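We did not get these values from a lab; they are worked out from the coordinates using the rules stated. A quick note: this is a predicted structure, and the numbers were derived from the prediction, not measured. Glycine also receives a Cβ, built like all others from the backbone with ideal geometry; neighbour counts cover every protein chain displayed.
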Amino acid sequence: MERDAAAEVLDGIPLPAFIVDADERIAAKNAAARGVLSEQPIGRKLALALRAPDLLSAVAEVLAEGGRREVPLRLTDDGQYRVAVSALEAAGGRRVLCVLRDITSEAQSEAIRRDFVANVSHELRTPLTAMMGFIETLRGPARDDAAARGRFLEIMDREAGRMNRLVRDLLHLSRVESEERVRPRDPVDLSGVLRGAAATVRPAAEDKESRIVISGADGAIFVPGDADQLMQVFLNLVENAVKYGARGQEVRVSVSRENTSRGPSIRVDVADTGEGIDPIHLPRLTERFYRVDTHRSRAEGGTGLGLAIVKHIVNRHRGWLRIDSKRGEGSVFSVILPET
Ligand code: ADP
């Protein structure tokens, strides 16, 4: 009778849970435990059902001494759990209740956070180390060398600029992420935004003898959004098209209408005729600090955060970012924004 009652309680627990009896056999399990214990029958030795030495010794200890333990459990399919192993004291003897909490996604976000902190530290340390080196040289060997001083100060200025951009982009990213659930709804004229972005990037384009040509945006085109953030999206995309595009090219920004699952939408293509991107990089391109060529990106003053910011802003607008690219031919970055 008591056994059935315990099994009934198990079914009420919304986590994988099972009971182990005094001779370490599975006495009962709930429906949620099916994923973990698969088809292991009642009465099977736990040691045969799960390859988990930590859990087995915790079960043995609790059976012997009572009380409660908590142990990690890692399954072959990459699932990670924490298992609460507690004694069930009853007239018929002591048994053990095991309740599993799935911490796979917690562990994954923890790993992502750790990677991110390591990346940021590395990105900041590189320019900082360069600057410290130059300060030392300016204080010592180059103290009285006016020509060297001018050159070094220029490099230090560039490195400080790099740190400044990195901090700026990090702040942008964290702000956009924290607001991502709230869809912005101010009417924004995309034509105006695109003209503004093109005007800002134009001097850099001229340095590369390139032209930025906008088409399909003669009149006002309104979408619900956040004007500053949409400006940021197209600044980043047009800037990249110029940076990674060919010298003397035409960067084409074209606006068209498209019907999507979210209804009528506006599509903006930013196309360059640069080196293009190998398809193996495409799925990871919007990850923070992911770059196809780190040297190239650094030389161009990039932070590796531009596309991550673009992706988050586009998500916040409930839109889509598509990247189409062919090695040696160029790339098209498309942003699709719902009109309603
Ligand atoms: P970055 O600051 O390095 O430019 P982004 O996040 O803007 O960072 O872009 C990430 C990487 O994607 C770049 O380092 C570059 O390798 C690649 N990339 C972005 N835009 C283009 C483009 N238009 N053509 C080719 N590669 C590009």
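Tabulated data
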item: Asp207, Asp115 arranged by Cβ crowding within 10 Å, fewest neighbours leading; result: Asp207, Asp115
item: DSSP bridge orientation in segment 148-307 - percent antiparallel, rounded to nearest 5; result: 70
item: Residue of Asn240, Asn315, Asn30 that the Gaussian network model of the chain assigns the largest fluctuation, springs spanning Cα pairs under 10 Å; result: Asn30
item: Relative contact order [Cα under 8 Å, 6+ residues apart], the chain, whole percent; result: 12
item: Net charge of Cβ neighbours under 15 Å - reference Gly304; Lys, Arg +1; Asp, Glu -1; result: +4
item: GNM top mover of Gly161, Gly328, Gly67 - the chain, alpha-carbon springs below 10 Å; result: Gly67
item: Global geometry of segment 94-218, whether rounded, prolate or oblate, following the gyration tensor of its Cα atoms and the 1.5 cut on a/c; result: oblate
item: Local electrostatic count, Gly245, Cβ distance below 15 Å [Lys/Arg +1, Asp/Glu -1]; result: -3
item: Exposure proxy order (Cβ contacts within 10 Å, fewest to most) of Val20, Val332, Val201; result: Val332, Val201, Val20
item: Whole-Hz couplings from phi, Karplus 6.51/-1.76/1.60, listed for segment 312-322; x for Gly and Pro; result: 5, 5, 5, 4, 4, 8, 6, x, 10, 10, 10
item: The chain: most fluctuating residue of Ile13, Ile309, Ile112 per GNM, C-alpha cutoff 10 Å; result: Ile13
item: Cα centroid separation - segment 52-81 against segment 179-207, whole Å; result: 55
item: Rounded tilt (10° steps) of 190-207 against the dominant C-alpha axis of the chain; result: 60
item: On Cα atoms only, tilt of 2-11 relative to the major axis of the chain in degrees; result: 10
item: Global form of segment 13-102, assessed from the alpha-carbon gyration tensor, a/c cut-off 1.5; result: prolate
item: Which of Lys326, Lys208, Lys29 has the fewest Cβ neighbours within 10 Å, and the rest in rising order; result: Lys326, Lys208, Lys29
item: Of all DSSP beta bridges in the chain, antiparallel share, percent nearest 5; result: 90
item: Cross-link partners of Lys311 among lysines (Cα-Cα below 30 Å; sequence separation of 8 or more within a chain); result: Lys208, Lys243, Lys326
item: Check: segment 1-91 dipole with +1 on Lys, Arg Cβ and -1 on Asp, Glu Cβ, in debye; result: 260
